[in-house]
1. Using a 1.4 Å probe on the protein chains only, how many percent of the accessible area of the chain belongs to carbon and sulfur?
2. Out of all DSSP beta bridges with both ends in the chain, state the antiparallel percent to the nearest 5.
3. Which ³J(HN,Hα) values in Hz, rounded to whole numbers, follow from the phi angles of region 37-42 under the Karplus curve 6.51 cos²θ - 1.76 cosθ + 1.60, where θ = phi - 60° and Gly and Pro get x?
4. Enumerate by residue number the trypsin sites (Lys or Arg not before Pro) in region 167-211 meeting two conditions: DSSP loop (anything except H, G, I, E, B), and at most 12 other Cβ atoms within 10 Å of the site's Cβ.
5. Using each residue's phi in region 186-201, evaluate 6.51 cos²θ - 1.76 cosθ + 1.60 at θ = phi - 60° and report the 3J(HN,Hα) Karplus result to the nearest Hz, with x for Gly and Pro.
6. Would you look at the GNM of the chain, springs on alpha carbons closer than 10 Å, and say which of 105, 223, 58 moves the most?
7. Rounded to the nearest 20 debye, what is the charge dipole size of the chain about its Cα centre when +1 sits on each Lys and Arg Cβ and -1 on each Asp and Glu Cβ?
8. Find the accessible area per residue for the chain; the probe is 1.4 Å, ligands and nucleic acids are left out, and the unit is Å².
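The values are calculated or read from the model by the stated rules, or taken from the named source; none is laboratory data. Just so it is clear, the model here is predicted, and its values are computed rather than measured. Neighbour counts are summed over all protein chains in view; Cβ atoms, including those assigned to glycine, are modelled from backbone coordinates with ideal geometry. Just the protein is used for accessible areas: all its heavy atoms, side chains included, with ligands, DNA and RNA removed. Shrake-Rupley method; radii C 1.70, N 1.55, O 1.52, S 1.80 Å.
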Amino acid sequence: MHGGDETTDELQNYGLRIVQPRHGYRFSLDPLLLCDFAQRAAGGRVIDLGTGCGVIPLVLARKDEGARIVGVEFQHEMAELAIRNVLLNGLADRITILHRDVTELRPLFPPSSFDAVLANPPYRRRGTGKVSPKEGRDDARHESTAGLADFLAAAKYLVSPAGRISFIYHPSRLAELFAEAAAMKLAPLRLRMVHGNGGAEARMFLVELAKGRKGELKVLPPLFVFDEEGGYSGEMCMMQGETRP
């Protein structure tokens, strides 16, 4: 996948250039929302499960110059692309990309190795929803070898007792995520629904979890991506470093 099969896009607020497939899976706002939501210890160790082209490790590396970050991706071509993006942005000293499934990580890391675990997992069950004709996009949206429970189990194993797990996921599976988390003794600490605008149903949700503790769940104010005029909301502009007229 080179040349005409790719685009190079800029995230100017972070000084990043990111190569993506022209017609396959391309990152959306979701990883940027997750990076903004996730609470991390400054200079800590972070792992991103299902990193795609590496956008979450790249953004986090810019947000925290002391962070050491691992991105895990099971699709070979996307893992290779993530490695190229790390090199392109001069961050190979702080970001490591692993071509692995999330179910294969225990032999690679001791338990509680990371201060923060982030994930934007595929949210459609295999065999449901429309299958994309564009290569790579279906694997990014549909569960394959690893399902939601596998992502949560990996996150629990990897995160430290004082650390945080942050997911962005589809509202149709909110109850399932909470049930799986409870079965694994993961406590939800913060929840935020993401809406296209004030009149739209939630399109995604952000959740923070911790292991080995009990805590009261805080339901945060909803996040609206667009305002009534169809432009980005004030919060989205601030998140992206833009100013509103």
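1. On the way: 6040 of 11740 Å².
C and S atoms contribute 51 percent here.
2. On the way: 21 of 45 bridges.
DSSP beta bridges in the chain are roughly 45 percent antiparallel.
3. 6, 5, 9, 9, 6, 4
4. Working: sites: 173, 185, 190, 192, 203, 211; in loops: 185.
Within region 167-211, the qualifying trypsin sites (Lys or Arg not before Pro) (loop, at most 12 other Cβ atoms within 10 Å) are 185.
5. Whole-Hz 3J(HN,Hα) from phi for region 186-201: 9, 9, x, 10, 9, 9, 9, 8, 10, 10, x, 7, x, x, 9, 5.
6. Of 105, 223, 58, the most mobile in the Gaussian network model is 105.
7. Values: 31 positive and 31 negative charges, 159 e Å.
Charge dipole of the chain: 760 debye, to the nearest 20.
8. Working: 11740 Å² over 245 residues.
In whole numbers, the chain has 48 Å² accessible per residue.
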